[in-house]
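Take a look at the structure set out below.
The values are calculated or read from the model by the stated rules, or taken from the named source; none is laboratory data. Being a predicted model, the structure only gives us computed values, none of them experimental. Note that we place each Cβ from the backbone using ideal geometry, even for glycine, and neighbour counts take in every protein chain shown. Side chains included, ligands, DNA and RNA excluded: accessible areas come from the protein's heavy atoms. Shrake-Rupley method; radii C 1.70, N 1.55, O 1.52, S 1.80 Å.
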Amino acid sequence: MLGYECFKAADDRKLDTDACVRVVMRNKKLGLDQYRFLLKTIVSSGLGEETYGPRNVINGREEFPSENDAHAEMDEIMFSTLDSLFEKTGVSPSEIDILVVDVSLFSPAPSLTSRIINRYKMRHDIKSFSLSGMGCSASMLAIDLVQQLFKTYKNQFAIVVSTESIARHWYCGKEKSMMLSNCLFRNGGSSILLTNKRDLRDRCLLKLKCAVRTNIGYDDEAYGCCIQVEDPQGYQGFLLTKNLTKAAAKAFTGNLKLLLPKILPVWELLRYAISTLGKKPTKGQNLSFNLNLKSGVDHFCLHPGGRAVIDGLGKSLGLSEYDLEPTRMALYRFGNTSAGGLWYVLSYMEAKKRLKKGDKIFMVSLGAGFMCNNCVWEVMKDDLDDTRVWEDCIDEYPRKNLVNPFTEKYSWINDECLNFVRLD
C-alpha cells in the first residue's frame, strides 16, 4: 500500500445533539415509545457530537431524496479523497491499471467506476470493478480482489474506493429494528493506492501478508440479520435483527480458524493444541481462550460498527482497552462509516505514532451477507505519522469521557409521568 486518504466533511454537516433532535422531531410518525428507544440507542451507540450526516438530511429532505443527492454525496467523498491521494503519492490517474469501487446501496448507470474514469480521464484499458451489496466488510473484499488480480497482472497500480450511500437511505419510518441504522451510520469513505511494483517497495507504507474471506449466507438467520427491506408502511431501510451478534460470532469464528494458522508462530499453535488437548469447549468461551494473539499481531484494527460490536470483538479476542482505543475513538469521532471505517482506525494509529517497522496489523471487518473479511498487514516504515483527518483534533484523544450529551439533555423523556401525557 503506497497511501490512503479518508474523507472528512465540512463542519456544517455535523450531526450534534441538536441536529439529531431536529431530524427526529421531523418524523411525525414517532411516539413516546420510539423516542425512548432512540434515546437509549443513541446514548449507548458510542458516537460523539462531531460525526457527519448527508447534506439532504441536514437540510430536512431525508424523506424525499433525489438522484442528485446520492451522486453529490458520492462525488464529494470519492473525488476529494482521490485528489488528495494522487497529490500525496505523486501517482498520476493515467498510471492506474485497476480500479475497484465498493458502495453497497447505490449502483447507478453509468457505474461509479465509470464516473471516476471520466472525471480523471483514465486509460481506456483500465480494469474496473463496481462492488455492491457487500456491506461494511466490502473494503477488505476489494483489497482481496486486488490481491488476486496482482497474481495475474504484474507491475500494476490499483485503487480501491470504499464508502457508502446514506443520502437516499435514511429511514423515515417507525420500526425500531430499522431505526438503528440512523443512529449508527454516518458519512465517510476512503481511497487506497496499492501496487505490486517491486521497485516501489521502499515507498510503501504497508504490505499485505494475508487475507481470508468468510461468507455464511447459507445460514438463513445470518442472511436475514442485516438486510435492506421495506417496513409495513412502505418505508425502505436497513433491518438489524437480534441474530446479528450470533451471525457475527459464527462468521468470525470460521474466519479465525483459517486465518490464525497463517499469522501465529508455530510454537504458539503447538502450545495451544497441547493446552486444549482432551478439553471440551464450553458455551460462551472466548475465541482467544488460552491463545496469545499478540504472539503474531501487534495492533488490532477492528470495524467501528458500534459500541456493542467493539465490546464483543474485544472480549472474544481478549484485548485490552489500549488495543480497542483506536476503534472506539474512530467510532466516537466519525461514527460507523461502513466499509470506509477501518481506514479511520488505521489513521488514528498512525496519527498517534503507534506503528513501527515490522509491526503486524490485524484488520477485522463484518458485513451483510453475512460476511467476515479479515487481513493482516506488515508496517514497512518507521516514520508513519501522517495525521490525515485527525490533524485538527488528535491531541484531544483519547477522550476519557465518552458519555453522549443526550443523557443530560433528554433523560426526562423516561419519566413515568409522560406515560399519561398525549404527545401532539
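Values as computed for the structure displayed
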item	result
Evaluation of Gln147 against (1) touching a strand residue (DSSP E or B) at 6+ places or on another chain (Cβ under 7 Å); (2) more than 30 Å from Leu244 (Cα to Cα); (3) of a type outside the set (Phe, Trp, Tyr) (one fails), failing number	(2)
Index of the failed condition, Met134 passing every other in (1) open to solvent by 40 Å² or more (accessible area, probe 1.4 Å); (2) out of contact with any strand residue (DSSP E or B) (no Cβ under 8 Å at 6 or more places or on another chain); (3) over 19 Å from Thr89 (Cβ atoms)	(2)
Number of positions in region 302-327 that are within 14 Å of Pro398 (Cα to Cα), surrounded by fewer than 24 Cβ atoms within 10 Å (Cβ to Cβ) and either of a type in the set (Gly, Ala, Ser) or within 15 Å of the chain's Cα centre (by Cα) (or both)	1
Yes/no for Ser94 being open to solvent by 20 Å² or more (accessible area, probe 1.4 Å) and not in a helix (DSSP H, G or I)	no
Matching residues in region 94-118 - criterion: being within 26 Å of the chain's Cα centre (by Cα), more than 22 Å from Thr337 (Cβ to Cβ) and of a type outside the set (A, V, I, L, M)	Asp97, Pro110, Ser114
Count - residues of region 110-131 that are surrounded by fewer than 24 Cβ atoms within 10 Å (Cβ to Cβ) and either in the same structural domain as Val364 (by the TED database) or touching a residue at least 40 places away in the same chain (Cβ under 8 Å) (or both)	2
Candidates Thr51, Thr81, filtered to the one that is polar (S, T, N, Q), in contact with a helix residue (DSSP H, G or I) (Cβ under 8 Å, 6 or more places away or on another chain) and in the same structural domain as Leu105 (by the TED database)	Thr51
Criterion (within 29 Å of Leu47 (Cα to Cα), more than 17 Å from the chain's Cα centre (by Cα), open to solvent by 40 Å² or more (accessible area, probe 1.4 Å) and assigned by the TED database to the domain that holds Arg388) met by exactly one of Lys257, Lys250, Lys262	Lys250
Complete set of residues in region 389-423 that are of a type in the set (D, E, K, R) and either open to solvent by 90 Å² or more (accessible area, probe 1.4 Å) or at pLDDT 95 or above (or both)	Glu391, Asp392, Asp395, Glu396, Lys400, Glu408, Lys409, Glu416, Arg422
Enumeration of residues in region 157-184 that are surrounded by 24 or more Cβ atoms within 10 Å (Cβ to Cβ) and not aliphatic (A, V, I, L, M)	Ser162, Thr163, Glu164, Ser165, Asn182
Residue check, Ser190 surrounded by 19 or more Cβ atoms within 10 Å (Cβ to Cβ), in contact (Cβ under 8 Å) with a residue 40 or more places away in the chain and not in a helix (DSSP H, G or I)	yes
From the options Arg22, Arg13, residue that is open to solvent by 10 Å² or more (accessible area, probe 1.4 Å) and either outside the structural domain of Ala142 (by the TED database) or basic (Lys, Arg) (or both)	Arg22
Hey, Gly46 on the phi > 0 side of the Ramachandran plot and surrounded by 18 or more Cβ atoms within 10 Å (Cβ to Cβ) or not	yes
Index of the failed condition, Lys8 passing every other in (1) at pLDDT 95 or above; (2) under 17 Å from Phe334 (Cα atoms); (3) touching a Pro at 6+ places or on another chain (Cβ under 8 Å); (4) open to solvent by 20 Å² or more (accessible area, probe 1.4 Å)	(3)
Per-region count, region 234-255, residues part of a helix (DSSP H, G or I) and of a type in the set (D, E, K, R)	2
Every pair of residues 6+ apart whose Cβ atoms lie under 6 Å, when the first sits in region 242-268 and is over 22 Å from Gly358 (Cα atoms) while the second is assigned to a helix (DSSP H, G or I) and open to solvent by less than 100 Å² (accessible area, probe 1.4 Å)	Asn243/Glu221; Ala247/Ala222
Matching residues in region 39-59 - criterion: being in contact (Cβ under 8 Å) with a residue 60 or more places away in the chain, out of contact with any Pro (no Cβ under 9 Å at 6 or more places or on another chain) and over 27 Å from Pro398 (Cβ atoms)	Arg55
Residue count, region 215-238 (criterion: open to solvent by less than 80 Å² (accessible area, probe 1.4 Å) and touching a Lys or Arg at 6+ places or on another chain (Cβ under 9 Å))	6
